[in-house]
Amino acid sequence: MDLLAIAITLLTIHVGTALGYYGWARGKAVPYDSAVVQPTYYPFVSVVVPTYMEADRVVTKLNDIAAQRYPGRLEVIVVDDNSPDGTAELAERWRAGDDVKGVSVKVIRRPRREGKSVAENEGAKAAGGDVIVFSDADSLWEPGSLEAAVRALSDPTIGLVTCLKRPMGQTSWRGAESAYRGLNNLLRLAESSSHSTTIAHGEMIAIKKELLGRLGPLRPGADDSDLAHRTAMSGMRAIAIPNAVCLEAVPRGWDAVLWRLRRGQHLVAHFARAMFDAPRAPRGYRGPLAVEAYLHILNPWLAAAGALTLIALALRGSVASIGLLVALGLAVGLYPGARAWAWNQLMLIASQLRNLVTRETVWRKLRK
Ligand code: GDD
Ligand code: MN
């Protein structure tokens, strides 16, 4: 085979797997709807919010949790790592206020910073609820999300529930239907109806306390997806549901690049570990786990190798290569989806390379 054929093959495999998975997801992404769900399941819920330097967000976050108007008993546990910006004091003042709307708040002050998952584990230990919901301080929930997530847990086969995501400040979605927008949400829904989602979001991780006790503590890195993975491996399901939607604060400018890089690093490291469980994974989860691991780890390199080969051939005057590069350039230039995809491939490659240097399990607070 000549080099041009090799480049075309690599790019075809790269695009083909992604499109194939997308096609599978389109047919599979039916919203979770089970007869086992009890409409009036209102267990005691503990929301655990780890905070580091969240002074400008923590009050909004507490108000947002209260605004969910969860019908059952609800406590919020803020676990702060001695943030110098007064996050803990603000949370305590919120608790003292008379506007607390039936929500009880505990504030745990840890002496020093040890990373998000350590704080979450301490919060979980202090939690009295039958359901624990981990949630980042810089995230908000669409109305009704908490109740919907908790209700899905009344199904005995479901151990963990996470949300779909949309960036904060984007024009609002109308109804669950539009929650299908966005490739990532589509994939999460499809994987969830197949068995379990391969990626879960720290903006909302609702888990039965008894299951968490069996699975053991959260681990640093992609603690959220790792917990969903261990749930699925235990035989219970970990699902994303369309009526739980999280809004997340997104950093701007250069910070957004560093942010994606770190999250990419955590995710890539997670899949590099988790993929070895695929042979033992429950049916329905095995396939998505293997494909997502491939998409995060190997597939980006196929695109890079294909594109670099084309560039090398173009420099040597290959007209076909120049034509292909122009076509690819046009696709990336004209279609925002293709641009986002290409950018993501670059970030995944950079993430893998940076993982060789640092794992960044404790990270700098980025301004959002
Ligand atoms: N107590 C404590 N100690 N909380 C922390 C620490 C820490 O050292 N570091 C971060 N947090 C808190 C933040 O205050 C926030 O509430 C939450 O953990 C998430 O941290 P962010 O700084 O907002 O990180 P992110 O949005 O980029 O994190 C995303 O990716 C992570 C994996 O890379 C989220 O999805 C996280 O849930 C996920 O773990
Ligand atoms: Mn965040």
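The values are calculated or read from the model by the stated rules, or taken from the named source; none is laboratory data. A quick note: this is a predicted structure, and the numbers were derived from the prediction, not measured. Please note: Cβ atoms are built from the backbone with ideal geometry, for glycine as well, and neighbour counts cover all protein chains shown. Just so you know, the surface numbers come from the protein's heavy atoms only, side chains and all, with ligands and any DNA or RNA stripped out. Shrake-Rupley method; radii C 1.70, N 1.55, O 1.52, S 1.80 Å.
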If the requirement is being touching a Ser or Thr at 6+ places or on another chain (Cβ under 8 Å) and within 16 Å of ligand 2 (Cβ to nearest atom), which of these qualifies: GLU292, GLU248? GLU248
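This table checks each residue for (1) within 16 Å of ligand 2 (Cβ to nearest atom); (2) modelled with pLDDT under 95.
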{"residue": "ARG174", "(1), (2)": "no, yes"}
{"residue": "ALA200", "(1), (2)": "yes, no"}
{"residue": "ASP226", "(1), (2)": "no, no"}
{"residue": "HIS229", "(1), (2)": "no, no"}
{"residue": "ILE239", "(1), (2)": "no, no"}
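Check whether at least one residue in the stretch 270-279 is more than 11 Å from ligand 1 (Cβ to nearest atom), outside any helix (DSSP H, G or I) and open to solvent by 40 Å² or more (accessible area, probe 1.4 Å), and report yes or no. Spell out the reasoning first.
If we filter the stretch 270-279 for residues that are more than 11 Å from ligand 1 (Cβ to nearest atom), which is where we start, we get 271-279.
Now narrow it down to the ones that are outside any helix (DSSP H, G or I): none.
Looking through the stretch 270-279, none of the residues is more than 11 Å from ligand 1 (Cβ to nearest atom), outside any helix (DSSP H, G or I) and open to solvent by 40 Å² or more (accessible area, probe 1.4 Å).
Rundown of residues vs (1) buried (at least 21 other Cβ atoms within 10 Å of the Cβ); (2) among the acidic types (Asp, Glu), yes/no style:
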site: ILE108; (1), (2): no, no
site: LYS116; (1), (2): yes, no
site: LYS125; (1), (2): no, no
site: ILE132; (1), (2): yes, no
site: ALA137; (1), (2): yes, no
site: GLU142; (1), (2): no, yes
site: VAL150; (1), (2): yes, no
site: ILE158; (1), (2): yes, no
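Among the residues of the stretch 220-230, are any away from ligand 1 (no atom under 13 Å from the Cβ) and in contact (Cβ under 8 Å) with a residue 40 or more places away in the chain?
Yes, because at least one residue in the stretch 220-230 is away from ligand 1 (no atom under 13 Å from the Cβ) and in contact (Cβ under 8 Å) with a residue 40 or more places away in the chain.
Of the residues that sit in the stretch 37-55 and are within 13 Å of ligand 2 (Cβ to nearest atom) and open to solvent by 30 Å² or more (accessible area, probe 1.4 Å), which one is farthest from ASP223 (Cα to Cα)? Let's see the steps before the verdict.
Within the stretch 37-55, the first condition is being within 13 Å of ligand 2 (Cβ to nearest atom), and the residues that meet it are 49-54.
With open to solvent by 30 Å² or more (accessible area, probe 1.4 Å) added as a condition, the list becomes 52-53.
Details: TYR52: 16, MET53: 20 Å.
Ranking the candidates gives MET53 first.
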The conditions are (1) assigned to a loop (DSSP other than H, G, I, E, B); (2) at pLDDT 95 or above, and ILE8 fails exactly one of them. Which is it? (1)
Grab the helices (runs of 4 or more DSSP H) fully contained in the stretch 63-166, keeping just those with 2 or more residues being in contact with a helix residue (DSSP H, G or I) (Cβ under 7 Å, 6 or more places away or on another chain), within 18 Å of VAL48 (Cβ to Cβ) and within 16 Å of ligand 1 (Cβ to nearest atom). 87-96, 116-126
